[in-house]
1. If you check L67 against the conditions, is it hydrophobic (A, V, I, L, M, F, W, C), in contact with an Asp or Glu (Cβ under 7 Å, 6 or more places away or on another chain) and at pLDDT 90 or above?
2. Kindly establish whether R109 is of a type in the set (D, E, K, R), touching a helix residue (DSSP H, G or I) at 6+ places or on another chain (Cβ under 8 Å) and surrounded by 11 or more Cβ atoms within 10 Å (Cβ to Cβ).
3. Hey, does segment 35-46 have a residue that's on the phi < 0 side of the Ramachandran plot and touching a Phe, Trp or Tyr at 6+ places or on another chain (Cβ under 6 Å)?
4. Considering P71, P94, which residue is farther than 23 Å from L37 by Cβ, out of contact with any Pro (no Cβ under 9 Å at 6 or more places or on another chain) and outside any strand (DSSP E or B)?
5. Return the pair list, or none, for Cβ contacts closer than 7 Å from residues in segment 87-110 that are closer than 15 Å to G60 by Cβ and in contact (Cβ under 8 Å) with a residue 60 or more places away in the chain to residues that are crowded, with 18+ Cβ neighbours inside 10 Å and among the small types (G, A, S), at least 6 apart or on different chains.
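The values are calculated or read from the model by the stated rules, or taken from the named source; none is laboratory data. Bear in mind that the values here come from a model prediction, so they are computed numbers and not experimental data. Quick reminder, even Gly has a Cβ in these numbers, built from the backbone with ideal geometry, and neighbours come from all protein chains shown.
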Amino acid sequence: MRWDPVEARRYALMDQDPGPIGSRTVWMANLLAYRALALLPSAPRRNGLATTGWSEHEDGQFFTWPLWTHPACPDTVRSLLLLPVLCSRAPDRPALRARGIDAVFRARRIKVGTGANYKVNFSPAREV
């Protein structure tokens, strides 16, 4: 699914064509990520689709997620993922810590290629 930045095989950054080399996919990690999609619902809006965890800033599209300190059931995880403060430019850390969120990470959505022949990857995540 190209969700791991390691899977971003950019031709311009390699000394050979990455096509024949193949991808470095970790299948079980992708399966776990696929199963977690149920925690990220989408809904239509006036100008497209809104998906939990996604935000758009002047410098691109980003996926943001929290890391929490205590075990949480799926309903609690859904609630944490829906907190609007997560997608703000600079999340309020004290308010998040009060909810058991220890850290917040963000990765930029990267479009590689042009036209119909493009792939979507993520940049390495950074703590915000």
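1. yes
2. On the way: of a type in the set (D, E, K, R): yes; touching a helix residue (DSSP H, G or I) at 6+ places or on another chain (Cβ under 8 Å): no; surrounded by 11 or more Cβ atoms within 10 Å (Cβ to Cβ): yes.
Judged against the criteria, R109 is not a match.
3. Keep residues of segment 35-46 that are on the phi < 0 side of the Ramachandran plot, which gives 35-46.
Among the residues that remain, those that are also touching a Phe, Trp or Tyr at 6+ places or on another chain (Cβ under 6 Å) are: none.
No, every residue in segment 35-46 fails to be on the phi < 0 side of the Ramachandran plot and touching a Phe, Trp or Tyr at 6+ places or on another chain (Cβ under 6 Å).
4. Details: P71 fails: farther than 23 Å from L37 by Cβ.
Residue meeting the stated conditions: P94.
5. Filtered contacts from segment 87-110: I110/A8.
Residue-by-condition table, conditions (1) in a loop (DSSP other than H, G, I, E, B); (2) farther than 24 Å from V77 by Cα; (3) at pLDDT below 65; (4) over 19 Å from the mean Cα position of the chain (by Cα):
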residue: V6; (1), (2), (3), (4): no, yes, yes, no
residue: R9; (1), (2), (3), (4): yes, yes, yes, no
residue: A12; (1), (2), (3), (4): no, yes, yes, yes
residue: D17; (1), (2), (3), (4): yes, yes, yes, yes
residue: T25; (1), (2), (3), (4): yes, yes, no, no
residue: A43; (1), (2), (3), (4): no, no, no, no
residue: E56; (1), (2), (3), (4): no, no, no, no
residue: F63; (1), (2), (3), (4): no, no, no, no
